Amino acid sequence: MARILIIDDEASIRRTLKDILEFENFIVDEAADGLEGVSKVKQGSYDVVILDVKMPKLDGMEALERIQVMQPELPVIMISGHGDINTAVEAVKKGAFDFIQKPTDLNRLLITIRNAMDKSSLIEEKKTLQKKVTKSKTQPMIGGSLAMEKIKKTIEMVAPTEARVLINGQNGTGKELVARWIHEKSNRNGGSLVEVNCAAIPSELIESELFGHEKGSFTSAHKQRLGKFELANGGTLFLDEIGDMSLSAQAKVLRALQESKITRVGGEKELSVDVRIVAATNKDLRKEIDKGNFREDLYHRLAVIVVEVPSLADRKEDIPNLVDHFTTAICDDYNITKKEIEPNAIMLLQKCAWTGNIRELRNVVERLIILSDKKITAEDVNSYVKIDEVNKEVTFKEVLNTFDSCESLKRFVENEYYKLKSPDFEVVL
């Protein structure tokens, strides 16, 4: 329920207003003078303040000024039996929501209170939307591992150029984020970054999506449509999952890159475009070339600069920083106090395979925040994180890294097997 503070030196008026407002399901507090009222505003949380003008200790105008300093968005409704038009104008200039003369018209007061609360709701909604817009901007690249430092350095060197970039990496590793930072740090950041998920668009529609179409060029083409190349003119076109693009579309993309010109589907006119291409894939395009699924000439056009984005399993030292970043962001989204996570819980998370990479880690952190108490513990991780332990390939690599030579590895295997099986066993490497 909404809370209202009545600041008036006349007890009868406070009592009358309180009875009426409580009947309307408001929570009401009282203050007998301006000084007490300012103190209550400072200590409490109110949706609306009803403030008398003439009061001892601190009059309404001075109290209004102090309230404006403390909470400029808190609606203050001024009431007075001695007011005139000049007083009303002065009050509004100083930030009052409205001015009502005594004896107070109760219907008008209730309408004014509800209008004031509506304004407060709009202000809060605006703040929330602005927060979301700010968050929708390019997120930071979290991590200080050698692999991440290499990517950041590459972006710094490559972004200001016009070179095409091919980003390789597993699903969920953050290829899109790398593409956004390349655009953000480029000379084209004043233009648009247009993203196309080539895997999500049916092969028969990909050409229309990329190059646009003319009205009537096919059955459902009821009007002309601009393609992504035109929309990205002067900016960057990000072709995500380009390994899933059809061969016919690849041929047209290759021509667009060679000549910086496109033709809409069903059109005859060539249109010049000025677009920088950044592409990404989770496939090995060289293997796709051998299978006949990807054009080799297009690959060489795209792969001027190749950025390899490591899997989370290859940069586990970044997990503590990533968890802290996600915890802050998610708790902020849920409007709750940031939850602390125990070191043992972090250590358990570092032991997981993370086949879904950073995307999977974020989902797990969100799950832990929702299901855990005030602190995320190792017990919470064991209870709520159903993730396979590090896979055999990673384990084998870690074992190999502990030996200096094949001979030392051979001796270790022989000794372990001898303990378990037979003294006649010999390893041949």
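No value in this document is a laboratory result; all are computed from the given coordinates. This structure is a prediction, so every number in the text was calculated from the model and none was measured. Cβ: placed from backbone, ideal geometry, glycine included. Neighbour counts: every protein chain shown.
Some observations on this one:
- Candidates Pro320, Ser372, Gln170 compared by Cα position along the dipole of the chain: farthest toward the positive end lies Gln170, with charges placed on Cβ.
- Kyte-Doolittle mean at least -1.0 and Cα axial length at least 30 Å: DSSP H helices in the chain: 106-136
- Approximate spin-label separation Lys126-Ser203, in nm, with each point projected 7 Å along Cα-to-Cβ: 5.2 nm
- Taking Thr328, Thr219 and counting other C-beta atoms within 10 Å, the order from fewest to most: Thr219, Thr328
- With eigenvalues of the C-alpha gyration tensor scaled by 5 and rooted, the chain, Å: 61, 37, 17
- Antiparallel DSSP beta bridges within the chain, percent to nearest 5: 10 percent
- Net charge dipole size for the chain [Lys, Arg +1 and Asp, Glu -1 on Cβ; Debye, nearest 20]: 940 debye
- Cα radius of gyration and Dmax for the stretch 3-134 (Å): 14.4, 49
- Exposure proxy for Cys331, Cys406: other Cβ atoms within 10 Å of each Cβ, ordered fewest to most, give Cys406, Cys331.
- Ordering Trp181, Trp354 from the fewest to the most neighbouring beta carbons within 10 Å gives Trp181, Trp354.
- Alpha-carbon centroids, the stretch 152-187 and the stretch 224-246: separation in whole Å: 16 Å
- Using a Gaussian network model of the chain in which every pair of alpha carbons under 10 angstrom is joined by a spring, one finds that among Pro103, Pro140, Pro320 the greatest mean-square fluctuation is at Pro103.
- In this simple spin-label approximation, Leu231 and Glu22 carry label points 7 Å from Cα along the Cα→Cβ vector, and these lie 5.8 nm apart.
- Inter-label distance, Ala251 to Ala303: 2.3 nm, where each label sits 7 Å from its Cα along the C-beta direction.
- Charge dipole (debye, nearest 20) of the stretch 146-310; +1 at Cβ of Lys and Arg, -1 at Cβ of Asp and Glu: 200 debye
- The reciprocal of the average 1/r between distinct C-alpha atoms defines the Kirkwood hydrodynamic radius, which for the stretch 313-384 equals 12.1 Å.
- Which listed pairs, of Lys150/Lys185; Lys215/Lys269; Lys18/Lys94, have C-alpha distances above 23 Å, in listed order: Lys18/Lys94
- Pairs of lysines in the stretch 327-375 whose Cα atoms sit within less than 15 Å of one another amount to 4, provided the residues are eight or more positions apart or on different chains.
- The length gained by stretching the chain between Lys93 and Thr138 to full extension, at 0.36 nm per residue less their Cα-Cα distance, is 12.2 nm.
- Within the chain, helix-based [θ] at 222 nm, where runs of 4 or more DSSP H residues each add -39,500 (n - 2.57), nearest 500: -14500 deg cm²/dmol
- The stretch 119-249: equivalent-ellipsoid semi-axes (sqrt of 5 x gyration tensor eigenvalues, Cα, Å): 29, 25, 15
- Maximal additional length on extending the Leu409-Ala163 stretch stands at 84.0 nm, based on 0.36 nm per residue less the C-alpha distance.
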